[in-house]
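Just so you know, all these numbers are worked out from the coordinates, no wet-lab data involved. Since we're looking at a predicted model, the values are computed, not measured. FYI the Cβ positions are ideal-geometry reconstructions off the backbone, even for glycines, and counts take in every protein chain you see.
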Amino acid sequence: MEYYFANIIIITIALLMASYFDIKRKEIPNFITYPLIIIGFVYSLFPWTFPNLILAIIFFGVGYYLNSKGLLGGGDVKLITGIILLTPPILFTFQFFMNFGLLSCLCALMYFGIMIISGKESRISAVIKFAPCIAVGYFVTVIGFLL
């Protein structure tokens, strides 16, 4: 049970760093996402975490398509892929990922709305810094599941 918290701590550190860089530079550096994916891949080779690998491959394919259409950033795709790979089995449920995805998207919509209303972005040029939204969605979902 204790090693589950190690996964959550690794994901938390990666999310905090990714959020910082996404806010400052509008990109998530590979030195955050690649180690997350590599550690998650090694972790997902254990028999009880094999579903993580399957879901991560599916998400990466869908995310790559969304990235090619300009709907989702490449760093965001790699970040979420790493999160899926490192998600502990205790949290690996349909409900967890639905809550995580919905809360992340809700946070992004709120951010987008605030930027438009405040006049800092136009509807056409708005770029959503999605890593902080992913972080909020993940933290709220994990806290909700562990309490």
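Extent of the chain along its three principal axes (Cα atoms, max minus min coordinate, largest first): 49, 33, 24 Å. Think of it as helices only: each DSSP H run of n ≥ 4 in the chain is worth -39500 (n - 2.57), and spread over all residues that comes to -26000 deg cm²/dmol at 222 nm. Among the cysteines of the chain, those whose beta-carbon sits 4.7 Å or more from every other cysteine beta-carbon are 105. For the pair residue 120 and residue 38, a Förster radius of 35 Å applied to the C-beta separation gives a FRET efficiency near 0.45, rounded to the nearest 0.05. The dipole here belongs to the chain: it is taken about the Cα centre, uses +1 on the Cβ of Lys and Arg and -1 on the Cβ of Asp and Glu, and is about 400 debye.
When the chain is treated as a Gaussian network with alpha carbon springs shorter than 10 Å, the biggest mean-square fluctuation among 71, 15, 85 belongs to 71. For the chain, the membrane-span-like helix rule (DSSP H, alpha carbon extent of at least 20 Å along the helix axis, mean Kyte-Doolittle at least -0.5) picks out 2-25, 50-68, 94-118, 130-146; this says nothing about an actual membrane. Could you pull out the trypsin sites (Lys or Arg not before Pro) across segment 23-100 that fall in loop regions by DSSP (anything but H, G, I, E, B) with no more than 15 other Cβ atoms inside 10 Å? Here the sparse-neighbourhood loop sites are 26, 69.
Since only 15, 49, 95 are under comparison, the one whose Cα sits farthest along the positive direction of the charge dipole of the chain, derived from C-beta charges on Lys, Arg, Asp and Glu, is 15.
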